[in-house]
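Have a look at the structure below, then the notes.
The values are calculated or read from the model by the stated rules, or taken from the named source; none is laboratory data. Source: prediction; values computed, not measured. Cβ: placed from backbone, ideal geometry, glycine included. Neighbour counts: every protein chain shown. Please note that ligands, DNA and RNA were not included when accessible areas were found on the heavy atoms of the full protein model with its side chains. Shrake-Rupley method; radii C 1.70, N 1.55, O 1.52, S 1.80 Å.
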Amino acid sequence: MPFYHKLGKIPPKRHTQFRKPDGSLYSEQLFGTVGFDGMYSNIYHEYRPTQVKEILKQYNVAPKIARANNMESLRLKGFDVKPEKDYLNSRKTVLTNSDCSIILAAPQESQKDYFYKNTDADELIFIHKGSGKLRTFLGNLDFKYGDYLLVPRGIIYKIDFDTEDNRLFIVESRRPIYTPKRYRNWFGQLLEHSPYCERDIRKPQELEHHDEKGEFLVKVKKQDDIFEMVYATHPFDVVGYDGYNFPYAFSIHDFEPITGRIHQPPPVHQTFETDAMVVCSFVPRLYDYHPLSIPAPYNHSNIDSDEVLYYVDGDFMSRNDIEAGQITLHPAGIVHGPHPGAAERSIGKTETEELAVMVDTFKPLQVTEDGLKLSDGTYYQSWLEKE
Ligand SMILES: [Fe+2]
């Protein structure tokens, strides 16, 4: 996150002696990104964080590709993803490319006997259903419906859910996920025209501290393999840290929509970005107020980006029969637009209650076997006018 955060105990100067009450040294870790050029935090552990006891297993979890090159607009029934007890097993990659993956998950249980670390990708976890606590070695974040949880690569975490009824929409990004550059000044501060600002971003305030030795299983994802690694010290043994690299939460309900007299283009909904994709939030808002405005979007050919929309709640005005939890994919290269009747229907409406998350990727997405299973097979013909 492009601002400074400090949690717990740290010494007044970095890379200097920082001692425990018994006189021994805390163990310092520089936790950086993009080599030594990106955001970083300086972390102080009770024990050396390097104590690997054993590597138990290595297995591949790369998604199986059903369609490497896709030109069909798809509707995926996201709520058809079966709930599964285990958090990692519950995650089903439905669309993917070399930059990012779109994942749906319905986990029923909190992670009990292992920690997880994704070294391949930043994870943006959108909470569609459920509540609980994201527990990380850099502090905890409570979450509920509508939250985005941004977990930078390398953060060791566990998720606790309050109930069994959880639905997650996850974007895994191999490029770091940032706030949109055009909304930041040269110091990184979010500008006045940004749809949200630093006050809306929830930083970890609660730091779990476990001064424990033993056997701690961390499932580490690297190059689409999971390595089951046993560490000799508890991963949450941090006494303090400071810096710019930490997990945070942002609620879609805190996104302030930008509206206009005529139809505003998707970039006004932009919430996050990488150099390979953008994430946008469509939130309840007033419609366009030019006397002759058409609130529904015009037909558009996103000629060089694939468009993924995840429908969260409300009535999505440009579509005829979309339900919550569904994904539509409008692939690069062809035109899409409002369904028959949607433009006319939108005229005169003054506001919308729609809530959706959009991911536009600059490289085409491949459809996985898990993704294709959710397809209704007919969506691409849904723009045909009835004879
Ligand atoms: Fe579109």
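Of the residues P291, P297, which single one is part of a loop (DSSP other than H, G, I, E, B) and either in contact with a Gly (Cβ under 9 Å, 6 or more places away or on another chain) or open to solvent by less than 50 Å² (accessible area, probe 1.4 Å) (or both)?
On the way: P291 fails: either in contact with a Gly (Cβ under 9 Å, 6 or more places away or on another chain) or open to solvent by less than 50 Å² (accessible area, probe 1.4 Å) (or both).
The conditions single out P297.
Please count how many residues of segment 305-330 are in contact (Cβ under 8 Å) with a residue 40 or more places away in the chain, of a type outside the set (A, V, I, L, M, F, W, C) and either in contact with a Gly (Cβ under 8 Å, 6 or more places away or on another chain) or within 11 Å of the ligand (Cβ to nearest atom) (or both).
Qualifying residue count, segment 305-330: 10.
Going residue by residue through segment 363-375, is there one that turns out to be modelled with pLDDT under 95, open to solvent by less than 70 Å² (accessible area, probe 1.4 Å) and either over 16 Å from F169 (Cα atoms) or of a type in the set (A, V, I, L, M, F, W, C) (or both)?
Of all residues in segment 363-375, those modelled with pLDDT under 95 come to none.
No.
Any residue in segment 194-223 that is among the small types (G, A, S) sitting within a Cβ distance under 7 Å of a residue that is open to solvent by less than 20 Å² (accessible area, probe 1.4 Å)? List the pairs, counting only those 6 or more apart or interchain.
S194/Y183
In this structure, does A232 turn out to be within 15 Å of the ligand (Cβ to nearest atom) and among the hydrophobic types (A, V, I, L, M, F, W, C)?
It is false that A232 is within 15 Å of the ligand (Cβ to nearest atom) and among the hydrophobic types (A, V, I, L, M, F, W, C).
Can you spot a residue in segment 199-219 that is within 19 Å of A105 (Cβ to Cβ) and either among the aromatic types (F, W, Y) or open to solvent by 10 Å² or more (accessible area, probe 1.4 Å) (or both)? Give the derivation first.
Residues of segment 199-219 that are within 19 Å of A105 (Cβ to Cβ), as a first pass: 219.
In the following step, the residues that additionally are either among the aromatic types (F, W, Y) or open to solvent by 10 Å² or more (accessible area, probe 1.4 Å) (or both) were identified as 219.
Checked against the condition, which is being within 19 Å of A105 (Cβ to Cβ) and either among the aromatic types (F, W, Y) or open to solvent by 10 Å² or more (accessible area, probe 1.4 Å) (or both), segment 199-219 yields at least one hit.
Could you list, in sequence order, the residues of segment 29-73 that are open to solvent by 90 Å² or more (accessible area, probe 1.4 Å) and either touching a Lys or Arg at 6+ places or on another chain (Cβ under 8 Å) or closer than 30 Å to S305 by Cβ (or both)?
Those that are open to solvent by 90 Å² or more (accessible area, probe 1.4 Å) and either touching a Lys or Arg at 6+ places or on another chain (Cβ under 8 Å) or closer than 30 Å to S305 by Cβ (or both): D37, N60, K64, N69, M71.
Only one residue in A356, A343 is assigned to a helix (DSSP H, G or I) and either open to solvent by less than 10 Å² (accessible area, probe 1.4 Å) or within 14 Å of the ligand (Cβ to nearest atom) (or both), so which one is that?
A343
Filter segment 337-366 for residues that are of a type in the set (A, V, I, L, M, F, W, C) and closer than 18 Å to F79 by Cβ and give the result.
First pass over segment 337-366, keeping only residues of a type in the set (A, V, I, L, M, F, W, C): 342-343, 347, 355-359, 362, 365.
If the condition is that a residue be of a type in the set (A, V, I, L, M, F, W, C) and closer than 18 Å to F79 by Cβ, then L355, A356, V357 are the ones that fit.
I'm trying to understand the selection: among the residues of segment 107-138, which are touching a helix residue (DSSP H, G or I) at 6+ places or on another chain (Cβ under 9 Å), part of a loop (DSSP other than H, G, I, E, B) and at pLDDT 95 or above?
Listed by number, the residues that qualify are Q108, E109, S110, Y114.
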